[in-house]
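Here, each number is a calculation from the coordinates, and none is a lab measurement. Note that the structure is predicted; figures quoted are calculated from it, not measured. Positions of Cβ are generated from backbone atoms using ideal geometry, with glycine treated the same way; all protein chains shown enter the neighbour counts.
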Amino acid sequence: MTSRWRLRHATTYTYARPVDMATHMLHLTPREMPGQKVLSATIRSVPEAARITTGTDHFGNVVSWLFLDRPHERFEVISEAEVESGFPPPPAAETTPPWERVVAEAAGEVAEFLFESPLVPIVPAARAFAAQSFPPGRPVLEGLLEVMSRIRREFTYRPGVTGISTSVEHVMTTRAGVCQDFSHAMISGLRGLGLPARYVSGYIRTYTPPGRVRMRGADQSHAWVGAWMGPEHGWVDLDPTNDCVVSTEHVVLGWGRDFSDVSPLRGVILGGGRHTLHVGVDLEPAES
Amino acid sequence: MTSGTDEMVDGRGRIRPHWQGLIGALADLPGDGLSERARRLDAGFAADGIGSLLPGAEAAWRCDPVPLPISGAEFATLSSGLAQRATLLEAVLDDLYGPQELLAEGLIPPSLIFANPGFLRPCRASLPDMRARAPLMGAYAADLMRGDDGRWMVVCDRTSRPAGFGLVLENRRQVARAMPESLRASPPRPLRAFFDAWQDSLTTLGQHAGGNPAIAILTPGTRHPFWFEHLLLARELGCALVEGGDLTVRNGALFIKTLAGLQPVDVLIRRLDGRRMDPVEFGATGSRGVPGLLDAARHGAVRIVNDPGTGVMEAPAWATVMAALAPRLLGTELLLPQAETLALSDPRTAARILADLQEAPERWLLRPALDGNAAATDPAALDLAERARFSRQVAEDPAKWVATRTPGGSVAPVVAAGRLQPRPVQLRMFLVHDGVGWRCLPGGMARVLREGETLGGRLPGTGLAKDVWVLTEDRADIRGPAITSGPPIAVRRTAGDLPSRTADNLFWLGRYVERLESSARLLRLAASRGARGDPSPRELADLAAVARCLIGAKLLSPEDAPSGAGPGPMLTAISRAAREGGPLAHRAAEVARLTEAVRDRLTGEMYATFSQPLRHAMADLRAARGLDALEEGLGTLLRLCAAVAGTAAENMVRGGGFLFLDLGRRMERASATSMVLAEALKEPPSRQETALRLALDLCDSVITYRSRYLTTLQAAPVLDLVLADPGNPRGIAFQCAEIRARLSSISDGTEVELVRAARALQTEVEAMAAGIVDAPDQAVAAAALPPRLEALRAAIGALSDSVTRRYFALLPAVQTIGSPLAPVDRPLMGAA
């Protein structure tokens, strides 16, 4: 089953003083991948960039660089895309290999997601939290699904209590935060056990169909966890904020070791003084 | 350290053949000849300022008078072995930042890439239309020691921004000068050809720009321990020396900001940590990088030598896989041995090494697996408790460590206490890629290892080096002069080419030299008046006026001014001013810092005048006890400042550099003179004679006045002389006229606004003097001047600010948005 989505992500910075020059690095274009087809994608900004470069980063994500060289007091960047997505359902959990075997087989490229990264150190509390769901010999996906559910149950979704650099340690203590915090905490726990885990940046449907629950993390950038189940089954995407396996209601922008690798917008500006930020995201079903 | 091999003497106690010429020459030196030569070398380095005059940087590299000769045959072995190793390192880099096949084939453990802080993911990003990549590594250095079998083996690879190229040049220059007999007896192969080849290859590398490519060296700045080396390299390669703040990326290309606008850079030699090169890509870890630089590099608009990502190969753990990678990538075995290195990530190896730590601690040196800059730990040098603690640390996470078999090493003779004594040495060799292949510098640097020092890694900021002489087997091989001489140091550019930051630094150097001089003049005056002892009421009033000037010049705090308690606290305070941490010492330190920052713009003569004598004068002042000694020391300092001005006037081309230096000096003098005049004249008309005498004293115009008017002190002629006389080089009007002329020259006559402001200052000064002449009571009119003089001083300050804004490109604050890793940066200022 696939869904067709129309995506619009607008980011606006308003500066107290004019910015003379700016360089921005954007991870705002959905990547093409099995289960996700990008039908169209555009990025534009106001004021218009003097120069735009688009390429592929180390992880294979689409990355764009925008260069502005005229004074401006406001910077708006709009990413629009039409995406068809439908990620295949995961294998039956009990048929997946024991998690210890997955640990032993994590080599080569996937091993990148075993190591500590700038925002995800291996925190003993996170490791201990994850370990409760991985008794010896348990099929890896069973453990993964349980960790995800426990985060949904035991952590409180509370926007505003954390920032983009809140530490995993802090989140494990307060057990509160938003999608990014839950993802970082889960990744830290899995890596602590030797299971490859990556940070996936993207979106979840904004609209709520009649009779369905409104999704958390809508109207903004969303994030979840990619976990590796061994060479046979590969990666599965798990959304601990909503306790669901990613299938037809998410759109993937890209992945990395943690938020710092796929930050939707990062820039260096000259001048500007204080700034305010406004982000608006719409992910609506496209009429075909 | 077992120090198996003696470089000079073979197993049977005979001098090795390639040492014989050298030893013969040394033997012919008179009695204490060696110590004398060692002193001469130290003096040479001190005079040329390798031990820069920056505070705290006194101890720099020294050089031993006895070189380390290497036979032509041995050099051939080293050179081909290192060229092969560089080729292999480049091939690995090409794979790491490309397809990563070696990882997929299991030839490289994932941690060596993914946990390696030197692996820079942004350097692996690709563009759809990216053309074939230029080689990632353009320069390479290797540290070598001798193994138990006496062969040189590699202990450390420097792939990112290998240090020492410039030090080798300087060592050769100084040793050649101090040891002419040795040079004749055992001539080494010259170094120049290597640098010529490097320069050629950089030019070729920049051919994408067409024509004559611009090459620049990016340095972290004057506070970096190897700044001097960056300067030497810039001179040798004939390229610009720049800091991050000098550079900007516009429309995908790199430029230097100069007074005449932006000038392109086609090749950038990187001496900055790779992770600091571009704050957009790596997160803002300091404002020294250039936003957008990586984008320019990806498009091929600028070539960075070496690529920011090359540091990945400096991890000591590479030594565990290099031997296996050579056949896969080159189809051959490694030519040059490397120190046996084991990864403790293998549990059996870890167990074995941990056991050895207890039973045979001298067997292994331990290094962090992924940090090529960390020093190795020698377990044998630890006491029992330390060793136990260290073992626990290693056992906690063995995968973070590698063990390297302690090399047998070698010793070479070093001059110590007047004799030659054997000391362990480590060799650093240098290579560059000349566009076709790797070329090895026929020379190098031997580091004399200190007590407890083991394996390579980062070159320390200080130490004792030996020049390495590669001997020619055949005299006919010698081409060109054996002694390298750097190109003459001179101001090469007109105003327009001057980087804004350099102009800024020269301007402030001018201001600080003048500030130092006027401070010394004021302090000397205070010391001489205070030394008279038991002052009369008139002298006390005089001292109070001097105190006001000292306060105005921030040399005295108001609470130390003479009061009922007498001049005691003030005299203590002025003695303190020249000591460590005092205002005069601070001003001298600023002069030293700025001198260093503009060093590439100063001639040797000028630098010689600015640097060492200043340090000595300040040392004398620090040591001065009593007012007489202080007065004498300040006199020396005054003469020195005058010499600086004279040398600048005589030696600097009247281009941009001199213009800004002089502009700063004139502005400071105009400002300081208006301050002291305002303070001196704050006396009732009845006491004005004192005030006028003080004014003449402070403006160094006593002699001029006496020659014109003998001893009759009157307000109108005195103030005319110090204010309006266009011929008095100490007067304010003279400064204003000079400021106007300099501003006009800097802009080639196009600058209107600032020139007009300078003209207005001059008019005001002339009006002040004319007002006194025309006044019915000169004394009363003079006593009313201080507010006008203070306003004048403020106007001079405003003009200085305008110059700063107009020419020095004061940049607004850099900040990072949207990044979780970046604290808000310091403002990026135009000044260094």
Exercise for the section: For segment B:495-807, state the semi-axes of the equivalent ellipsoid (square roots of 5 times the eigenvalues of the alpha-carbon gyration tensor), sorted largest first and rounded to whole angstrom. Expected result: 31, 26, 15
Exercise for the section: With all distinct Cα pairs included, what does the Kirkwood hydrodynamic radius of segment B:163-254 come out to in Å, to one decimal, could you say? Expected result: 15.3 Å
Practice task
Once every Cα of segment B:531-603 carries one equal point scatterer and solvent is ignored, give the base-10 log of I(q)/I(0) from the Debye formula at q = 0.11, 0.14, 0.24 Å⁻¹, two decimals.
Solution key: -0.38, -0.53, -1.04
Handout entry: Three semi-axes of the equivalent ellipsoid, segment B:82-153, Cα gyration tensor, whole Å, largest first
Key = 28, 16, 11
Fill in the blank from the handout: Any GluC sites (Glu not before Pro) in segment B:496-582 that lie in a DSSP loop and have at most 13 other Cβ atoms within 10 Å would be B:Glu580
Problem - For segment B:191-305, the Rg and Dmax computed from alpha carbons only, in angstrom - result: 13.6, 40
Completion exercise
hull vol. (C-alpha, convex hull) per residue for segment B:201-261, Å³ -> 108 Å³
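Length gain on complete extension for the stretch B:Thr636 to B:Thr77, per 0.36 nm per residue less the alpha carbon to alpha carbon distance?
Values: separation 559, 0.36 × 559 = 201.24 nm, distance 5.65 nm.
Full extension from B:Thr636 to B:Thr77 adds 195.6 nm.
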Exercise for the section: Mind pulling the angle between the C-alpha long axis of helix B:656-680 and the longest principal axis of chain B? Nearest 10 degrees, somewhere in 0 to 90. Expected result: 40 degrees
Exercise for the section: Quick one: P(r) of the protein assembly as shown from all Cα-Cα pairs, 10 Å bins, percents rounded to integers, in order of increasing distance. Expected result: 2, 9, 15, 18, 17, 15, 12, 8, 3, 1, 0, 0
Completion exercise
Computed over chain A: longest principal axis from alpha-carbon atoms vs helix A:140-154 long axis, angle to nearest 10 degrees, is 60 degrees
Exercise for the section: Could you check how many percent of all C-alpha pairs in chain B are farther apart than 34 Å? Expected result: 59 percent
Handout entry: Calculated Rg and Dmax of segment B:104-193 using C-alpha coordinates, Å
Key = 20.4, 61
Completion exercise
Restricting to lysines and to Cα separations under 21 Å from B:Lys554, and discarding same-chain partners fewer than 8 apart, the set is B:Lys682
Fill in the blank from the handout: In whole Å, largest first, the alpha carbons of segment A:93-262 cover along the principal axes 42, 33, 27
Completion exercise
Partner shielding of A:159-172, as the mean number of partner chain Cβ atoms within 10 Å, equals 1
Handout entry: Inter-label distance for A:Gln132 and B:His208, nm, one decimal - labels placed 7 Å from Cα along Cα-to-Cβ
Key = 5.5 nm
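List the equivalent ellipsoid semi-axes of chain A in whole Å, largest first, each obtained as the square root of 5λ for an eigenvalue λ of the Cα gyration tensor.
Over the Cα atoms of chain A, the ellipsoid semi-axes are 33, 21, 18 Å.
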Completion exercise
Sequence order, segment A:256-269: Karplus ³J(HN,Hα) from phi using 6.51 cos²θ - 1.76 cosθ + 1.60, θ = phi - 60°, Hz rounded, Gly and Pro as x, gives x, 6, 7, 3, 5, 7, 10, 3, x, 9, 9, x, 10, 10
Fill in the blank from the handout: Nearest 10, in degrees from 0 to 90: the angle of helix B:500-530 to the longest Cα principal axis of chain B is 50 degrees
Fill in the blank from the handout: Correct response: the longest run of chain A lacking exposed GluC sites (Glu not before Pro), defined by DSSP loop and at most 12 other Cβ within 10 Å, is A:49-231
Fill in the blank from the handout: If N is the residue count of segment A:1-155, its Cα Rg over 2.2 N^0.38 Å rounds to 1.41
